Amino acid sequence: VRKSLFFASLIPFYFFVVYFLNTEEKIKKISKWFIYGGFLASFVGVVQFLSQFFFSLDKIYNFWAYKVALFFYGQNFGSVVIQNQSWFVNIAGKDFFRAISFFPDPHTFALYLGILIPFSFGFYFYHKKSKLFLAGIFLMLFALLFTFSRGGYLGLFVSLFFFFAFLLKHFKIRFSKGQIVGFLIVFVILSFGFLNTVFGERFLSSFSFADTSNQGRLYIWKTAFLIFLENPVFGVGLGALPVFFDPLASIKSPINAHNTYLDILSELGLVGLLLFVFVFLSVFKSLKLKNEKEDFLKIGIAFSLVWFLTHSFFETSIFSVPVFISLLFLLALSVVLKNIEQKML
C-alpha cells in the first residue's frame, strides 16, 4: 500500500508536464530550473566532501546526521537513514565521507546526477547557455566523483561508450589510423591516471570478489532471483520483498535487491518487468532525430535514460522522490517534443 501510494501520488506529475509544457519557451524555462536544482545539490555535495579536509569526520558526521538529516528527511525516515547509513568509504585503510548532498545516501545522489548530467549537456547545446552553465555541469561531474558510487562511475562509462558509438554511426564520422592511435594513447593515459587515484581504486573494487560489499550484493541478488523463481509471473507483491528476506522486517525496512530489475521481477514478476522495459523502449523509439536543434535535447534525454538503466543494475532508487520525479520529467519531455513535432507537420 505504501509503495502503491508513492506511485499514485507522483505519477500525475508526468501528465502535468505533458499538458503544461506545450511550447518551446516553457520547455527551456522549466528545464533550466530543473538543471539548476542539480547545480545546487552538487555544490552542497562538493563542499560537503571537501570539508573533511578541514574538520574531523566525527564533526561532519554529527552535523549531517543530527542537524541536516533529521531536518530534511523527517524524524522517522531520518532515524532509519542514520541507522543504515552508507556515508563512509574505506580506501587503502583510510575513511572518506562521501558526497551525499541532501540525499539519504551517495548511491541515490549519484543516480540523480546520472539523470541530470547528460540531459544538461544536451540542454547546453540546445539553448546555447553560458560558460558559467557549462561550469555547473562539470561541478555535477565532480560531485559524482566524490560519491564514490561504483554504479555511478559505470553509468558514466557506459553512457560515454554508447554516445561515441552513436556519434560515429549517426554522423558517419571517419577517423584516420593515426587519429585512432592518438585517441587510444590519450584514453590509456587518462585511464591509467584515473585508476591510480582513490576514485579509480574504488572503481576497481567493483570487480573484486574479496570485497565484502560485493559478496553481500551477490548474496542479495541470488536470494531475490530465487524469490522471483517461486512467483515468476506476478511476483510476491509490491513492497513485499523485505518480508521474504526477513520475516520480522518492519514496513520501514530499507531492504531491497540493490538491483531495480530484480526488485521489479521479485515483486511484480515478468509482467511488471516487461511493462517497465516497454516504457523505455517506447521512449527511445519516439526520440527520432531530424538534424535540428531539438536533437540535442533528445540526445540528452536518451543518454540520461541509458545512464539510469545502467546504474539501476546496482541500485534501487526509484522510490526516491527527486530521482523518480526527475525520471518522470524526462519521460514526459520526450512525449512533449514528439507532440510539438506533430503539430508542426
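The values are calculated or read from the model by the stated rules, or taken from the named source; none is laboratory data. Computed from a prediction, not measured in an experiment: that's the story for all the values here. With ideal geometry, Cβ positions are generated from the backbone for all residues, glycine too; neighbour counts draw on all protein chains shown. Calculation scope for accessible area: heavy atoms of the full protein, side chains included, ligands and nucleic acids excluded. Shrake-Rupley method; radii C 1.70, N 1.55, O 1.52, S 1.80 Å.
Within the stretch 155-165, is there a residue that is of a type outside the set (Val, Ile, Thr) and in contact with a Lys or Arg (Cβ under 9 Å, 6 or more places away or on another chain)?
Scanning the stretch 155-165 turns up no residue that is of a type outside the set (Val, Ile, Thr) and in contact with a Lys or Arg (Cβ under 9 Å, 6 or more places away or on another chain).
Quick test of your reading of the structure: Val188 fulfils all but one of (1) under 23 Å from Tyr261 (Cα atoms); (2) among the β-branched types (Val, Ile, Thr); (3) at pLDDT below 75. Name the failing condition by number.
If we test Val188 against (1) under 23 Å from Tyr261 (Cα atoms); (2) among the β-branched types (Val, Ile, Thr); (3) at pLDDT below 75, just (1) comes out false.
Does any residue in the stretch 1-17 that is of a type in the set (D, E, K, R) come within less than 8 Å, Cβ to Cβ, of a residue that is surrounded by 14 or more Cβ atoms within 10 Å (Cβ to Cβ) six or more places away or on a different chain, and which pairs are these?
These pairs meet every condition: Arg2/Gly239; Lys3/Leu238; Lys3/Gly239; Lys3/Phe319.
Starting from the stretch 266-279, take each residue that is over 9 Å from Pro232 (Cα atoms) and list its partners that are in a helix (DSSP H, G or I) and open to solvent by less than 30 Å² (accessible area, probe 1.4 Å), counting only C-beta distances under 6 angstrom and pairs at least six apart or across chains.
Within 6 Å, the pairs are Glu267/Leu241; Gly272/Ile264; Leu273/Ile264; Leu273/Leu265; Phe276/Ile264.
Within the stretch 13-112, which helices (runs of 4 or more DSSP H) (wholly inside it) include 3 or more residues that are open to solvent by less than 10 Å² (accessible area, probe 1.4 Å) and under 30 Å from Ile340 (Cα atoms)?
Once the helices (runs of 4 or more DSSP H) in the stretch 13-112 are filtered for at least 3 residues that are open to solvent by less than 10 Å² (accessible area, probe 1.4 Å) and under 30 Å from Ile340 (Cα atoms), what remains is 24-50.
Which residues, taken from the stretch 252-285, are of a type in the set (S, T, N, Q) and surrounded by 14 or more Cβ atoms within 10 Å (Cβ to Cβ)?
Within the stretch 252-285, Ser253, Asn256, Asn259, Thr260, Ser266 qualify.
Being open to solvent by less than 20 Å² (accessible area, probe 1.4 Å) and among the acidic types (Asp, Glu) is the filter; apply it to the stretch 286-334 and report the residue that is nearest to Gly38 (Cα to Cα).
Residue satisfying both the conditions and the ranking: Glu315.
For Ser286, work out the one condition from (1) within 19 Å of Tyr14 (Cβ to Cβ); (2) of a type in the set (Ser, Thr, Tyr); (3) modelled with pLDDT of 90 or more it doesn't fulfil.
Going through (1) within 19 Å of Tyr14 (Cβ to Cβ); (2) of a type in the set (Ser, Thr, Tyr); (3) modelled with pLDDT of 90 or more one by one, Ser286 breaks only (3).
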